Amino acid sequence: MQRRGRPHWLDSFSSAVLLLIVPCVVGLVAGCEERERLTFPDPGDGVGPVTLIDQPNGPDTTVTAGPQLFISGRTIDPDGVDTVYFLVTGGNQSFQPFRPSPPTDTVHFGLQIVTSGQSGDTVLVGVLGVDSQGNRGNISSRRVFIR
């Protein structure tokens, strides 16, 4: 004879077991919805940018007064270079800091140093960078003798 009223698969389950399974399944489904995750800022490498002056090659350079001297190089940091500072002493020039927007991992720079009318002077040029984490790199410098 056929049983009527209850499905066949419910015969093996008691109502107490169903009272435990149904809330667990509902809880699992509700817990799977998308929600915000905790994120932590990248601490970075803790090391400041590396600055390289490519031109002129040597640490000391002698030039004749008159033509402009071009100094070029790059500042590199995987955390992103925030600011590049240019320090010039012994000449009558100064340069504003350069801030790339947005910070990038490599910044190329070029400076034109005026040498006319400065025969016999020595100009010191220093360049350093600060990364987006606030770490300051070492200064890279060149000494220019003007004859």
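The values are calculated or read from the model by the stated rules, or taken from the named source; none is laboratory data. Model, not experiment: these values are computed from the prediction. Neighbour counts run over all protein chains shown; Cβ positions are idealised from the backbone, glycine included. Heads up: the accessible areas ignore ligands, DNA and RNA and are worked out on the full protein's heavy atoms, side chains in. Shrake-Rupley method; radii C 1.70, N 1.55, O 1.52, S 1.80 Å.
Tabulated data for the structure shown
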quantity	calculated
Search result, residues across region 103-133 that are open to solvent by 60 Å² or more (accessible area, probe 1.4 Å), part of a strand (DSSP E or B) and closer than 16 Å to Y85 by Cβ	H108, L124
Pair list, Cβ under 8 Å, 6 or more apart: region 47-67 residue within 16 Å of V123 (Cα to Cα), other residue exposed (fewer than 12 other Cβ atoms within 10 Å of the Cβ) and not hydroxyl-bearing (S, T, Y)	Q55/F70; T62/R147; V63/R147; T64/R147; A65/G117; A65/R147
Matching entry among F145, F70, F95, F86 (being of a type in the set (F, W, Y) and part of a loop (DSSP other than H, G, I, E, B))	F95
Unmet criterion (only one of (1) polar (S, T, N, Q); (2) more than 20 Å from N138 (Cα to Cα); (3) in a loop (DSSP other than H, G, I, E, B); (4) out of contact with any Leu (no Cβ under 9 Å at 6 or more places or on another chain)) for T62	(3)
